[in-house]
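Everything below concerns the one structure shown next.
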Amino acid sequence: MKKTIYFIFAFLGLVLPYYFLLSFLKEHGLDFPILIQELFANKISTFFAVDLMISIIVFWFYLYCEATTRKMKNWWLYILASLTVGLSFALPLFLYFPERQIENNK
């Protein structure tokens, strides 16, 4: 059950952010200065951006600790997922695979 929920969240974390990114790209193209300007346009958007950045750093630290403890292979793929899509995809994906292994071992 948890495995399915993590998979659904990973799917949503992939599709929903890219919907908004593609909308932005359609309107502005690949214009990084405008992207950064809009990301930090006001205090509330800055709050969310900084909160997300700190959360990603914490996730990377936790991921590194778990990867070394569990001797995980390909753990860097979760970092890549967080950089190319975002934490909303990488975190549920990271939680999905151990849960899948637990269910397969039952």
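When a/c is below 1.5 the answer is rounded, else prolate if a/b is larger than b/c, else oblate, so apply that to the chain with a ≥ b ≥ c taken from the square roots of the Cα gyration tensor eigenvalues. The shape class here is prolate. For the pair W75 and F11, label points projected 7 Å from Cα toward Cβ lie 2.9 nm apart.
For a straight C-alpha distance cut-off of 19 angstrom, no lysines are reachable from K26 once same-chain residues fewer than eight places away are disregarded.
Restriction of the trypsin sites (Lys or Arg not before Pro) in region 1-72 to DSSP coil positions whose beta-carbon has at most 10 other beta-carbons within 10 angstrom yields K71.
Straight-distance candidates among the lysines for linking to K73, with alpha-carbon spacing under 27 Å and chain neighbours fewer than 8 residues away dropped: K2, K3, K106.
Can you tell me the orientation of helix 43-70 relative to the chain, as the angle in degrees between its alpha-carbon axis and the longest Cα principal axis, to the nearest 10? Tilt relative to the chain: about 20 degrees. Listed by chain and number, the aspartates and glutamates whose C-alpha is less than 17 Å from the C-alpha of K71, apart from same-chain residues fewer than 8 away, are E99. Mean residue ellipticity at 222 nm, helices only, the chain: -28500 deg cm²/dmol; runs of at least 4 DSSP H residues each add -39,500 (n - 2.57), and the sum is divided by the number of residues. Could you work out the relative contact order of the chain, using alpha carbon pairs under 8 angstrom and six or more residues apart, expressed as a whole percent? Value for the chain: 48 percent. This ranking places L95, L83 by how few other beta-carbon atoms lie within 10 Å of each, fewest first, which gives L83, L95.
Values quoted throughout were computed directly from the atomic coordinates according to the rules given, and no laboratory measurement underlies them. Predicted model only: the values in this text are computed from it and were never measured. Every residue, glycine as well, gets a Cβ built from its backbone with ideal geometry; the counts of neighbours run over all protein chains shown.
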